[in-house]
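Undergrad: Below: one structure in C-alpha cells.
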Amino acid sequence: MLKKCYVLIWAFCLLNIAHGQELQSPNDFLGYQLGTKYTLHHRILEYFNYLTKEKPTMIKKISYGYTYEGRELTAFIISASKNIENIETIRQNNVNLALKGTTDGNLNKYVPIIWLSYNVHGNEPASSEAAMKTAYKLLNPNHAESKAWLENAVVIIDPCINPDGRDRYANWVTNTMGRHYNPNTNAREHIETNPSGRTNHYNFDLNRDWCWQTQIESQQRIVLYHKWLPQVHVDFHEQGPNQPYYFAPAAEPYHELITPFQREFQVEIGKNNAAYFDKNNWLFFTRERFDLLYPSYGDTYPTYLGSIGMTYEQGGISGALGILTEMEDTLTLVDRVEHHYTTSMSTIEVSAKHAAQLIQNFNQFYIDNRAGNLGETKTYILTANNNQVIEELKELLDKNKIEYGQITNSNLKGYNYFTEKEENVQLENYHLAISLLQPQSRLAKILLEPKTILVDSNTYDITSWSLAYNYNLKTYSVKEALKLTPCSQPKKSEFFPEHEALYGYLIPYQSFTDAKIVAALLKEQIKIRFCRKNFVYNNQKFTNGCLAILANSNPSHWRRITEKICASYNITPIPLKTGLIQPLGPDLGSPDFGGIAKAPNVGLITGSQVNANAAGEIWHYFDYDLNYPITLLNYTNNNRFNLNNIDVLIIADGYYDFKNSEAGQFEKIKTFVQKGGKLITIDNATRQLIKATDWGLKIQESKEEEKLTLKDLVPYQDLERDYLKSSIPGAIYTVKIDKTHPLCYGFDNNFYILKQDDILLELSSSFDNVGNLAPGSYVTGFAGINVKNKLNKEGNVMGSLQVGQGNVVFFTDDIIFRQFWQSGKRILANAIFFVGK
C-alpha cells in the first residue's frame, strides 16, 4: 500500500513538472485576456523575450534599433529547429539568390521567408496583440499544423513598428476610460486628441516612409529588411470601425511592373483568408480602396523588392476596447485581435504550402531585374553643375540598395525629362548613372521613370514622385545598356594658408547642403553676408545667394569655425584676399550684399487646429535636416500664445479659422508681422491667411459653372468616380521661378512642385510673384479634368510680400511634402534665412 502511495505521489509530481514546462499563452503571461486591455510595448517585448528564453531552438531575437523616444525595435525569427540552426545560411542563401542568382540551379535548398509587420500606426493597436498570439501558436507544440508549416518556412515577426505611437495611444485610452469601456461613439475614449497615436514621435506616418526613410524607425528597419528580402510580407492595419476586414487581392491600380505571379498569389492567400472568415461568418472585402502603386507603403515597397506585399485592414480605429458600429453591433478589441491572428496564421499556412512556388518566382523576379527585362529604358543619367545635389541623391539610392556609377561615353541620345524630347545627352559638371541591369532595377525604374502609367485613376495616394523632379536634376532616360564605372570619390575639402584668406571666404550657394552650412554658421554666431547679384571673382563665376564669411565684424575664431563646418560637409570655401570684386560684380561692401547678423529664433505653430503630420515634418526638418533649433508654440491657448523672442513664425497646413474663432490668436500674429517678424504659411494656412487679411493676396476664382441640365446628371453609383474629375491626389507641375529672388537662391532651372489641390493665386504687383504656373505646366501624375483645366493658366503658387516692418512668405502647397521633396527643402531654408534680409 505504501509503495503504491509513493508511485501515485511520483506520478503527480511528474504531471506538475510537465504542466509547469508548458509554454505560457499571452493570457497566462500577462494576466488578462488579449483584447481586454491594451498591452504596453515593454510588456509585449517581455512576452516575446519569454518565448525566446523558453524555446531557444525555435525563435531568435533581432534587436535592430531604437525609436526617437528610446524604445527598442525588435524582430523575432520563428521556424523549425533545423532551420533555426542554419538560419544564417538560409538568410545568406536567400539574399544571394536575389543579388547573384543560384550557382547550381538547385532551388530546393532555399527556404521562403514570411515577414509579418504589426502596428505601423500606433492607434491601430490590435495587431500587436495579435502578434503575441500568433507567435505563441507557432511555438506551441500542441499546434500540429504550425509544426508542419515551420518545416517549410521561416517566419519573421516585427511585433510593433511604431512603439512610440502605440504607447501614446494605449496610455491615452487607458487614461480616458473608466472601470468599464463605453461603446457609445460620443464617449471621449473614442475621440482622440491631436496629435494622435497614429504617428511616431515627430508625428510622421511611418507607412508613407518605407522608401524615403526620413525617420529613424524606417531607416533601421529597412536595413534589416534588405538583409532578408522575404518572399511574403504583410503590413497589418486598422480602418474605421464601420468597415469590415480588408485583405488582398488589392485594388487597381497595380504598378505595371508587378508580376503576374505577384498578382495571382495574392488571390491564393485571399481565398484562404476568406475560407476562415466564412467559417466564422465574419465580413470582409477585397479588391477595393487599397491599391499597389505609391512605392513607399508597407505593401508596395516589399512588392517592388520581389515579395508578395499585402495590406490587411481590420475595422477598429477609435474603437478603444469596444465601440458601437452603425449596424448596432459592439466591435471589441478581442474581436479585432482574433481577426488579425486568423489572417496571420492563414498567410503562413498558404505560403508554407507553396514554398517551392514562392522560391521559383522570387528567383525569376530577380533574374529579370538583373537582365534589365523591364522595358526599353536601360540607363538613367542625372546631371548637375553642383556635386552636392548628386551626393544628396546618392544617400537615398544607398538606403534602397540601388547601384549607380558613371558613364565613360556621353555621345548618346536620350529622353530629356525637362524638355520632354529625345535629344543629345548634355552632361554638366557632375553626373550619376543608374543601370537597370541590377538586382533592384524594378525599384530604381519606379522611382526614376518620368511618368507613372495608371490603369485606374482612383488611387489611395500620390501618383507621381520621380526623383528627377523631386531633386530638380536634369535627367535622361537612355535605351542603351551602358557600362558604368564606379563613381569617383568627391574631392575632399581643402583650406588655404591664413594669408590667402585674410579678408574672408566665399561659399557658393547651390544646394540644400549649403543651406545646412548657413544654419551651422549662424548657430556658432558667425555673421553671414550674401550676394544679391551674380559676380565673377578670380575668373570664377558666382551666382546670387553666394555666401561671404568675412573677418569684418566676426569673432576672432571665425576662420576655425568656418573651416570646421565646411569640412563636415566636404565643402571647399574660396579664400578672399580683398573685398574688391574683379572683374565683374559688386564689391563685398556693396548694398548688393545682404547680411544675416544673428541666428533667427524660429517658432512653429502646434495645437489641435494644426495638421500634425505637416507640423511634424517641419519639426523633424529643423531637428535632423537643418540641425537648427525651433520652438514649438501652442496655438490653442490664446492666453499663453506668445510670440516674444520669435523672429520667424511658421504655420503649416491645418484646420484654421483665423478670421473668426481664432481671431484673438491671429491678431497677435498680424501684430508680430507688422512689427518686423517674418511669417511663413504653407498649404491651407495660406488660404486661411488670405481670408483673414487684406494684404493683397487673392485666390483665383473659377468661372461660374454652367447651369446643370438633365444630361449632366450622374447616377448615384457613379458619383465617387465622377468626383475624380475634381481630384488631384498628387501631380507634378513646372513652376517658373524668379531665380534672382532670395526665395530661389541656388536654383539653375525651374522648380517642380507636387500639387495636391487646384489653388492658384492671382498675379499681382502688390507682392513678389516668385513661383508661377503657366499654361502647359502639367508634367505627370493624375489630375482630374476639372483640376487640369483650372491649373492650365497663369497663376502664382509661392511668393513674398512686405507687411509693415515685416515679411510674409507663402506657399499654396506643402513645399517639402513628407520631407522627401528634396528641392523644396532648399526653398524653405531660403524663406527662413534670406527673404526679407
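Undergrad: Return the residue satisfying two criteria in turn: it lies in the stretch 237-286 and is within 20 Å of Asp456 (Cβ to Cβ) and among the β-branched types (Val, Ile, Thr), and of such residues it is farthest from the chain's Cα centre (by Cα).
TA: Val267
Undergrad: Check the stretch 348-359 and report whether any residue there is open to solvent by 20 Å² or more (accessible area, probe 1.4 Å), in contact with a Ser or Thr (Cβ under 8 Å, 6 or more places away or on another chain) and closer than 26 Å to Tyr312 by Cα.
TA: Kept after step one, since they are open to solvent by 20 Å² or more (accessible area, probe 1.4 Å), are these residues of the stretch 348-359: 353-354, 356-357.
Imposing the further condition that a residue be in contact with a Ser or Thr (Cβ under 8 Å, 6 or more places away or on another chain) reduces the set to none.
Checking the stretch 348-359: not a single residue is open to solvent by 20 Å² or more (accessible area, probe 1.4 Å), in contact with a Ser or Thr (Cβ under 8 Å, 6 or more places away or on another chain) and closer than 26 Å to Tyr312 by Cα.
Undergrad: Got a number for residues in the stretch 709-733 being outside any helix (DSSP H, G or I), hydroxyl-bearing (Ser, Thr, Tyr) and touching a helix residue (DSSP H, G or I) at 6+ places or on another chain (Cβ under 8 Å)?
TA: Quick first cut of the stretch 709-733, residues outside any helix (DSSP H, G or I) only: 709, 713-715, 727-733.
Then keep just the ones that are hydroxyl-bearing (Ser, Thr, Tyr); that gives 709, 727, 733.
From the residues that got through so far, the ones that are touching a helix residue (DSSP H, G or I) at 6+ places or on another chain (Cβ under 8 Å) too are 727, 733.
Counting residues in the stretch 709-733 that are outside any helix (DSSP H, G or I), hydroxyl-bearing (Ser, Thr, Tyr) and touching a helix residue (DSSP H, G or I) at 6+ places or on another chain (Cβ under 8 Å) gives 2.
Undergrad: Against the condition within 17 Å of Asp813 (Cα to Cα) and either surrounded by 20 or more Cβ atoms within 10 Å (Cβ to Cβ) or without any contact (Cβ under 8 Å) to a residue 40 or more places away in the chain (or both), how does Lys691 come out, does it pass?
TA: Answer is yes for this residue.
Undergrad: Please specify each residue of the stretch 216-249 satisfying the condition of being under 12 Å from Ile161 (Cα atoms) and open to solvent by less than 20 Å² (accessible area, probe 1.4 Å).
TA: At the first step, the residues of the stretch 216-249 found to be under 12 Å from Ile161 (Cα atoms) are 216-222, 235-237.
Selection gives Glu217, Ser218, Arg221, Ile222, Asp235, Phe236, His237.
Undergrad: Sticking with this structure for a sec: Only residues that are touching a Leu at 6+ places or on another chain (Cβ under 8 Å) and either open to solvent by 10 Å² or more (accessible area, probe 1.4 Å) or of a type in the set (A, V, I, L, M) (or both): list them for the stretch 782-797, please. Don't jump to the end; show me each part of the working.
TA: Within the stretch 782-797, the subset touching a Leu at 6+ places or on another chain (Cβ under 8 Å) is 782-784, 790-791, 793-797.
Result: Phe782, Ala783, Lys790, Leu791, Lys793, Glu794, Val797.
Undergrad: Can I ask one more? Could you say which residue among Lys55, Lys61 is more than 30 Å from His620 (Cβ to Cβ), among the basic types (Lys, Arg) and surrounded by fewer than 21 Cβ atoms within 10 Å (Cβ to Cβ)?
TA: Details: Lys61 fails: more than 30 Å from His620 (Cβ to Cβ).
Matching residue, one of Lys55, Lys61: Lys55.
Undergrad: Please state which of the following conditions Ile737 fails to meet, knowing it meets all the rest: (1) in contact with a strand residue (DSSP E or B) (Cβ under 6 Å, 6 or more places away or on another chain); (2) more than 29 Å from Phe622 (Cα to Cα).
TA: Going through (1) in contact with a strand residue (DSSP E or B) (Cβ under 6 Å, 6 or more places away or on another chain); (2) more than 29 Å from Phe622 (Cα to Cα) one by one, Ile737 breaks only (2).
Undergrad: Follow-up question, since we're still on this one. On the basis of being among the hydroxyl-bearing types (Ser, Thr, Tyr) and in contact with a strand residue (DSSP E or B) (Cβ under 9 Å, 6 or more places away or on another chain), does Ser117 make the cut?
TA: yes
Undergrad: Now, a different point. From the list Ile90, Ile84, pick out the single residue that is within 19 Å of Pro302 (Cβ to Cβ) and among the aliphatic types (A, V, I, L, M). Quick ask: steps written out before the conclusion?
TA: Values: Ile84 fails: within 19 Å of Pro302 (Cβ to Cβ).
Residue meeting the stated conditions: Ile90.
Undergrad: While we're here: Is it fair to say Ala248 is small (Gly, Ala, Ser) and outside any loop (DSSP other than H, G, I, E, B)? Before the answer, list the steps.
TA: On the way: small (Gly, Ala, Ser): yes; outside any loop (DSSP other than H, G, I, E, B): no.
No.
Undergrad: Also, I was wondering about something else. Could you check the stretch 796-828 and list, in sequence order, the residues that are small (Gly, Ala, Ser) and closer than 19 Å to Ile517 by Cα?
TA: Step one: list which residues in the stretch 796-828 are small (Gly, Ala, Ser), which gives 799-800, 804, 806, 823-824.
Hits for the stretch 796-828 are Ser823, Gly824.
Undergrad: Then there's this: Having 2 or more residues that are surrounded by fewer than 17 Cβ atoms within 10 Å (Cβ to Cβ) is the bar; report the strands (runs of 3 or more DSSP E) wholly within the stretch 485-590 that clear it. First the steps, then the outcome.
TA: Values: elements: 504-507, 528-531, 535-537, 540-542, 547-550, 574-576.
Fully inside the stretch 485-590 and qualifying: 540-542.
Undergrad: Is at least one residue of the stretch 386-407 open to solvent by 50 Å² or more (accessible area, probe 1.4 Å), modelled with pLDDT under 95, within 23 Å of Glu449 (Cα to Cα) and not in a helix (DSSP H, G or I)? Don't jump to the end; show me each part of the working.
TA: Within the stretch 386-407, the subset open to solvent by 50 Å² or more (accessible area, probe 1.4 Å) is 395, 398-399, 401, 403-404.
Those left that are additionally modelled with pLDDT under 95: none.
No, that holds for no residue.
Undergrad: Considering only the stretch 43-52, state which residues are over 11 Å from Thr74 (Cβ atoms) and open to solvent by 30 Å² or more (accessible area, probe 1.4 Å). Break it down stepwise before answering.
TA: Narrowing the stretch 43-52 to residues over 11 Å from Thr74 (Cβ atoms): 43, 46-47, 50-51.
Passing the criteria: Arg43, Glu46, Tyr50.
Undergrad: On to the next question. Keeping to the stretch 46-70, report how many residues are basic (Lys, Arg) and not in a strand (DSSP E or B). Write out each step before concluding.
TA: Initially, the stretch 46-70 is screened for residues basic (Lys, Arg), giving 53, 55, 60-61.
Filter again for not in a strand (DSSP E or B), leaving 53, 55.
Of the residues in the stretch 46-70, 2 are basic (Lys, Arg) and not in a strand (DSSP E or B).
Let's see how each residue does on (1) open to solvent by less than 10 Å² (accessible area, probe 1.4 Å); (2) touching a residue at least 24 places away in the same chain (Cβ under 8 Å):
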| residue | (1), (2) |
| --- | --- |
| Leu99 | no, yes |
| Asp104 | no, no |
| Leu107 | no, yes |
| Asn119 | yes, yes |
| Glu124 | yes, yes |
| Ser128 | yes, yes |
| Met132 | yes, yes |
| Ala135 | yes, yes |
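Undergrad: Are there any pairs, at least 6 apart or on different chains, whose C-beta atoms fall under 6 Å, with the first in the stretch 23-38 and open to solvent by 60 Å² or more (accessible area, probe 1.4 Å) and modelled with pLDDT of 95 or more and the second of a type outside the set (D, E, K, R) and not in a loop (DSSP other than H, G, I, E, B), and if so, which?
TA: Gln33/Asn27
Undergrad: Can you tell me which of Leu724, Leu754, Leu761, Leu773 is touching a residue at least 60 places away in the same chain (Cβ under 8 Å), under 27 Å from the mean Cα position of the chain (by Cα) and surrounded by 20 or more Cβ atoms within 10 Å (Cβ to Cβ)?
TA: On the way: Leu724 fails: surrounded by 20 or more Cβ atoms within 10 Å (Cβ to Cβ); Leu761 fails: under 27 Å from the mean Cα position of the chain (by Cα); Leu773 fails: touching a residue at least 60 places away in the same chain (Cβ under 8 Å).
Every option except Leu754 fails the conditions.
Undergrad: A further question on this structure: When the stretch 598-609 is examined, which residues are found to be modelled with pLDDT of 95 or more and either assigned to a loop (DSSP other than H, G, I, E, B) or open to solvent by 50 Å² or more (accessible area, probe 1.4 Å) (or both)?
TA: Result: Lys598, Ala599, Pro600, Asn601.
Residue by residue, here is whether (1) under 22 Å from Asp814 (Cβ atoms); (2) touching a strand residue (DSSP E or B) at 6+ places or on another chain (Cβ under 8 Å); (3) buried (at least 20 other Cβ atoms within 10 Å of the Cβ) holds:
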{"position": "Arg640", "(1), (2), (3)": "no, yes, no"}
{"position": "Ile650", "(1), (2), (3)": "yes, yes, yes"}
{"position": "Asp653", "(1), (2), (3)": "yes, yes, yes"}
{"position": "Gly664", "(1), (2), (3)": "no, no, no"}
{"position": "Ile669", "(1), (2), (3)": "yes, yes, yes"}
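Undergrad: Considering each of Gly270, Gly306, Gly316 in turn, give the residue that is out of contact with any Cys (no Cβ under 7 Å at 6 or more places or on another chain) and either at negative phi or of a type in the set (Asp, Glu) (or both). Give the steps one after another, and end with the answer.
TA: Working: Gly306 fails: either at negative phi or of a type in the set (Asp, Glu) (or both); Gly316 fails: either at negative phi or of a type in the set (Asp, Glu) (or both).
Of the residues listed, the single one that is out of contact with any Cys (no Cβ under 7 Å at 6 or more places or on another chain) and either at negative phi or of a type in the set (Asp, Glu) (or both) is Gly270.
Undergrad: Residues that are within 25 Å of Asn772 (Cβ to Cβ): list the strands (runs of 3 or more DSSP E) wholly contained in the stretch 631-708 that include at least 3 such residues. Show your work before the answer.
TA: On the way: elements: 631-634, 648-651, 678-682.
Because the criterion is at least 3 residues that are within 25 Å of Asn772 (Cβ to Cβ), the strands (runs of 3 or more DSSP E) in the stretch 631-708 that meet it are 648-651, 678-682.
Undergrad: Asp748 - would you say it is closer than 30 Å to Asn387 by Cα, open to solvent by 10 Å² or more (accessible area, probe 1.4 Å) and assigned to a loop (DSSP other than H, G, I, E, B)? Please lay out each step first, then the result.
TA: Details: closer than 30 Å to Asn387 by Cα: yes; open to solvent by 10 Å² or more (accessible area, probe 1.4 Å): yes; assigned to a loop (DSSP other than H, G, I, E, B): yes.
For Asp748, the condition - closer than 30 Å to Asn387 by Cα, open to solvent by 10 Å² or more (accessible area, probe 1.4 Å) and assigned to a loop (DSSP other than H, G, I, E, B) - is met.
Undergrad: Within the group Thr342, Thr311, which residue is open to solvent by 10 Å² or more (accessible area, probe 1.4 Å), polar (S, T, N, Q) and assigned to a strand (DSSP E or B)? Spell out how you get there, then give the answer.
TA: Numbers: Thr342 fails: assigned to a strand (DSSP E or B).
Only one candidate qualifies: Thr311.
Undergrad: Oh, and also: Would you mention how many residues in the stretch 274-308 are in contact with a helix residue (DSSP H, G or I) (Cβ under 6 Å, 6 or more places away or on another chain), surrounded by fewer than 23 Cβ atoms within 10 Å (Cβ to Cβ) and not in a loop (DSSP other than H, G, I, E, B)?
TA: Final tally of qualifying residues: 2.
Undergrad: For the stretch 256-275, indicate whether the set of residues that are touching a Lys or Arg at 6+ places or on another chain (Cβ under 8 Å), in contact (Cβ under 8 Å) with a residue 40 or more places away in the chain and not small (Gly, Ala, Ser) is non-empty. Lay out the reasoning, then the answer.
TA: First pass over the stretch 256-275, keeping only residues touching a Lys or Arg at 6+ places or on another chain (Cβ under 8 Å): 257.
Restricting the remaining residues to those that are in contact (Cβ under 8 Å) with a residue 40 or more places away in the chain gives 257.
Subsequent filtering for residues that are not small (Gly, Ala, Ser) retains 257.
Looking for residues that are touching a Lys or Arg at 6+ places or on another chain (Cβ under 8 Å), in contact (Cβ under 8 Å) with a residue 40 or more places away in the chain and not small (Gly, Ala, Ser), one finds at least one in the stretch 256-275, hence yes.
Undergrad: Go through the stretch 810-833 residue by residue and tally those that are under 24 Å from Ser764 (Cβ atoms) and in contact with an Asp or Glu (Cβ under 9 Å, 6 or more places away or on another chain).
TA: 6
The values are calculated or read from the model by the stated rules, or taken from the named source; none is laboratory data. If you're wondering where the values come from, they're calculated on a predicted model, not measured in any experiment. Cβ sites come from the backbone with ideal geometry, for glycine too, and all protein chains shown count toward neighbours. Side chains included, ligands, DNA and RNA excluded: accessible areas come from the protein's heavy atoms. Shrake-Rupley method; radii C 1.70, N 1.55, O 1.52, S 1.80 Å.
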